[in-house]
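Have a look at the structure below before the remarks.
Read-outs: derived from the displayed coordinates by stated rules, not from any lab. Please read all numbers here as calculations on a predicted model, not as lab measurements. Note that each Cβ is placed from the backbone with ideal geometry, even for glycine, and that neighbours are counted across all protein chains shown.
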Amino acid sequence: MADNESSVDRESSVDRESPVDHDTDVTVLGLGPMGTALAATFLDKGSSLTVWNRTPAKADGLVSRGASRASTVAGAVAASPVTIVCLNDYAAFHRVLDSAGADAALAGRVLVNLTSGTPAEARAAAAWADERGLGYLDGAIMVPPTLVGRPGSVLLYSGPKDVFDRHEGALALLGDSRHLGADPGLAVLLNTALLGMMYATLNGFLHAAALAGSAEVSATEFADLALGWFMPVVLSPATLAEQAPNLDRGAYPGDFGTMQMNLNALEHIARTSAEQGVHSGWPRLMRELAEHAVAEGRGAENYFAMFEIFKASAA
């Protein structure tokens, strides 16, 4: 969820400050909104800090608070046992870390990459790190910059457990640090899954509010009904958690409602949307998915059987 530095140049063409000449607890590469929040949190919690950014002036506020500014990526990485990388994407990660002279500084150090991307990119970055003899964790920040380091802040990590264990104390300063497993792609995968759930939930609420609004029901009035009663009672987190073991078992008894019954409801939602002049793409997609489930022989199972359709789909 990071909003990071949007572009990078090779280190030789940027910062011209003096190199760091002493060790610090942690280094942060990249001072976009999220990188700055990470760096500020380390300072707030008493860590000594080295920073590097493509545009040196972005470090001014942190330097005024006691951070050391490195003139090169190599100097920044060499200054601390662990370096937090917070850039826009994995292409930026490689442009910065592949810069001339950085390889020697990387040996024996640890990179914690909090850059946005895909599981395949995370695994490729881990292989790149392994070739250079450095420890590597991939991670995902699950809160906006304003919540980093505060109660409820969660960061996901994946990669070698021993590397995580050695630096868990520093990582814990940023929030609840959750190690997911040795596969370096796990953190970004689960981040993507949670973001997908967020957008699907948000789109569902916005479409429903638009549908209610077509009859001049205000969003405020609808929210009271939808969020004050419907979600907590009918579709609560507890309800979904209760069904999770059935997903693992592949058990979808249709005693209290079948996929065919839900298809009828989705048909009504799509038709009503069209009648009311509300965009019908979202309900039509849901209807098509239910039709696919019925065609696959799951018409007598409950709606949670859609899990099998999502797992098997190549689209």
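Miscellaneous remarks
- Shape class for region 140-211: oblate, because the ratio a/c of the largest to smallest gyration tensor axis (alpha-carbon atoms, square roots of eigenvalues) is 1.5 or more and b/c is at least a/b.
- Assuming charge only on the beta carbon of Lys and Arg (+1) and of Asp and Glu (-1), the dipole of the chain about its Cα centre is about 300 debye to the nearest 20.
- Globularity ratio of the chain, using Cα Rg and 2.2 N^0.38 Å: 1.23
- Sorting 290-302, 48-60, 247-259, 161-173 by average packing, meaning the other beta carbons within 10 Å per residue, from highest down gives 48-60, 290-302, 161-173, 247-259.
- Placing +1 on the Cβ of every Lys and Arg and -1 on the Cβ of every Asp and Glu, with nothing else charged, gives region 236-312 a dipole about its Cα centre of roughly 140 debye.
- The packing ranking of peptides 277-285, 222-230, 185-193, highest mean first, is 185-193, 277-285, 222-230, where packing means the average number of other beta carbon atoms within 10 angstrom of each residue.
- Among beta bridges identified by DSSP and lying wholly in region 11-189, the antiparallel ones come to about 15 percent.
- Cα-based shape type of region 184-238, given that a ≥ b ≥ c are square roots of the gyration tensor eigenvalues and the cut on a/c is 1.5: oblate
- Ratio Rg/Rh, restricted to region 59-149 and using Cα atoms, in which Rh is the Kirkwood radius: 0.97
- Dipole of region 236-312 computed with +1 at Lys/Arg Cβ and -1 at Asp/Glu Cβ about the Cα centre; of 297, 246, 286, farthest Cα towards the positive end is 286.
- About the Cα centre, charge dipole magnitude for region 105-257 (Lys/Arg +1, Asp/Glu -1 at Cβ), debye: 440 debye
- Counting only DSSP beta bridges whose two residues both lie in region 138-292, roughly 50 percent are antiparallel.
- Between the listed residues 184, 160, 56, the Cα displaced farthest toward the positive end of the dipole of the chain, a dipole computed from Cβ unit charges relative to the Cα centre, is found at 56.
- Partner lysines for residue 45 [C-alpha distance under 27 Å; skip if fewer than 8 residues away on the same chain]: 58, 161
- Debye-sum result for region 11-189 in log10 I(q)/I(0), which assumes one identical scatterer on each alpha carbon, at q = 0.09, 0.15 Å⁻¹: -0.26, -0.76
- For region 88-202, the ratio of Cα radius of gyration to the globular rule of thumb 2.2 N^0.38 Å stands at 1.07.
- Stokes-Einstein translational diffusion, region 104-153 - Kirkwood Rh over all Cα pairs, 1.567 mPa s, 4 °C, in µm²/s: 106 µm²/s
- At q = 0.16, 0.17 Å⁻¹, base-10 log of I(q)/I(0) for region 236-312 (Debye sum, equal scatterers on each alpha carbon): -0.62, -0.69
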